[in-house]
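Have a look at the structure below, then the notes.
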Amino acid sequence: MISIIICSRDEQKLREVSTSVAYTIGVDHEIIAIDNSQGTYSIFQAYNLGIERSKYEVLCFMHEDIILKTQDWGRIVEALFASNSALGLVGVAGCSYKTQMPSHWSFPNSLSKAIYVNIIQHYQSSGQVVHHVNNPGASSLGQVVAVDGVWFCAPRHVFEKVRFDDQTYRHFHCYDVDFSLSVYQHYQVAVTFEVLIEHLSEGSFNTIWLDETVKLHQKWQAVLPLNPAGLSLREQYSEEKSAFVDFVYKMVRRKHRNPDAKPLLWNAAVRRRFGVGWLLSATLSTLKRLATDNS
């Protein structure tokens, strides 16, 4: 039995995803829709409220603009948690290396060996629909450190130790990575390749996302990087550089300044690990990307 928790902003989309769930889940369920059409809550607050209202032993958090493609996916999820008491969180996309540099769970030029994903993604800007599949471990369940927020599930006992941090964050970004990192301190986090969803929109990497990502990395800087993927020092160099380039690029393109970002980007621990040349290389790569974009 599964409690479905949705932070809802669109009544029509809520009806459509509720129908999709009903046709595919294959187990008893309840849908707890937190009405956020007026922007009353942050997603952290909405999800915590949904937890309080839920009654079943597995909780599933999902966007309302998705289509569930796998029949009996509820049975699959219940079986995953029943067979492994150490498993605390399951999603359909995630990373097995979380950078020290400010970033999302993925970013341009991420190493494929650190990305686990199985999702059909719609791109509004281009009109493309792409089935993204990457499974470095060639397993039905890939061990990761963070999952994407479009869809993820956790057993109820996880919430005895972890909730969504509605004190640090105030908006609709970073809830997935922050929650994942919190769960990862106590349990395994994984991506399942037995459940497929279709996501009808893209994320928004605006100035609010930039500021919330800075908060995320301030909160977790003593823990990061996390490397269950076992990336080599050279591979970590590449991941941290790509994250740096993408984050600075987004800030410059949006003409956005955040004084708290500088000590994270020019991180002394990163310089010690990779050398001063890393910072020079990352800065030059950022300038090249900006120059190419403006040409």
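The values are calculated or read from the model by the stated rules, or taken from the named source; none is laboratory data. Only a predicted model underlies this, so the values are computations on that prediction, with no experimental measurement involved. A quick note on method: Cβ atoms are made from the backbone with ideal geometry, for glycine too, and the neighbour counts reach across all protein chains shown.
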Of the residues ASN84, ASN135, ASN118, ASN109, which single one is out of contact with any Cys (no Cβ under 9 Å at 6 or more places or on another chain) and either modelled with pLDDT under 95 or closer than 30 Å to PRO263 by Cβ (or both)?
ASN109
Looking at the structure I just gave you, is ILE120 under 30 Å from ASP28 (Cα atoms), more than 18 Å from the chain's Cα centre (by Cα), surrounded by 15 or more Cβ atoms within 10 Å (Cβ to Cβ) and touching a residue at least 40 places away in the same chain (Cβ under 8 Å)?
no
For GLY127, which of the numbered conditions (1) in contact (Cβ under 8 Å) with a residue 60 or more places away in the chain; (2) out of contact with any Gly (no Cβ under 9 Å at 6 or more places or on another chain) fails to hold?
(1)
Quick one: how many residues across the stretch 77-99 are surrounded by fewer than 18 Cβ atoms within 10 Å (Cβ to Cβ) and in contact (Cβ under 8 Å) with a residue 40 or more places away in the chain?
2
Of the conditions (1) outside any helix (DSSP H, G or I); (2) buried (at least 19 other Cβ atoms within 10 Å of the Cβ); (3) more than 16 Å from the chain's Cα centre (by Cα), VAL223 clears all except one; give me its number.
(2)
Pick from the stretch 163-178, criterion in contact with a helix residue (DSSP H, G or I) (Cβ under 8 Å, 6 or more places away or on another chain) and buried (at least 20 other Cβ atoms within 10 Å of the Cβ), ranking: farthest from PRO102 (Cα to Cα):
PHE164
With respect to the numbered conditions (1) in contact (Cβ under 8 Å) with a residue 60 or more places away in the chain; (2) surrounded by fewer than 20 Cβ atoms within 10 Å (Cβ to Cβ), which one is the sole condition not fulfilled by ILE66?
(2)
Anything in the stretch 243-264 that is among the basic types (Lys, Arg) and loosely packed, with under 15 Cβ neighbours inside 10 Å? List them, or say none.
ARG253, ARG254, LYS255, ARG257, LYS262
Within the stretch 17-59, can you find the residues that are over 18 Å from PHE152 (Cβ atoms), touching a strand residue (DSSP E or B) at 6+ places or on another chain (Cβ under 8 Å) and acidic (Asp, Glu)?
ASP28, ASP35
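Residues are listed down the side, and each one gets a yes or a no for (1) under 23 Å from SER204 (Cβ atoms); (2) in contact (Cβ under 8 Å) with a residue 12 or more places away in the chain:
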{"position": "VAL133", "(1), (2)": "no, yes"}
{"position": "GLU160", "(1), (2)": "no, no"}
{"position": "PHE172", "(1), (2)": "yes, yes"}
{"position": "TYR184", "(1), (2)": "no, yes"}
List the number of the failed condition for LYS288; all other conditions in (1) buried (at least 16 other Cβ atoms within 10 Å of the Cβ); (2) part of a helix (DSSP H, G or I) hold.
(1)
Does the stretch 129-145 contain at least one residue that is of a type outside the set (Gly, Ala, Ser) and in contact with an Asp or Glu (Cβ under 7 Å, 6 or more places away or on another chain)?
no
Can you give me the number of residues within the stretch 66-105 that are within 16 Å of the chain's Cα centre (by Cα) and of a type in the set (A, V, I, L, M)?
6
Hits in the stretch 64-82 - residues which are of a type outside the set (Val, Ile, Thr) and either under 20 Å from VAL145 (Cα atoms) or in contact with a Lys or Arg (Cβ under 9 Å, 6 or more places away or on another chain) (or both)
GLU64, ASP65, LEU80, PHE81
Only one of these conditions is not met by LEU200: (1) at pLDDT 95 or above; (2) more than 30 Å from ALA82 (Cβ to Cβ); (3) not aromatic (Phe, Trp, Tyr). Which number is it?
(1)
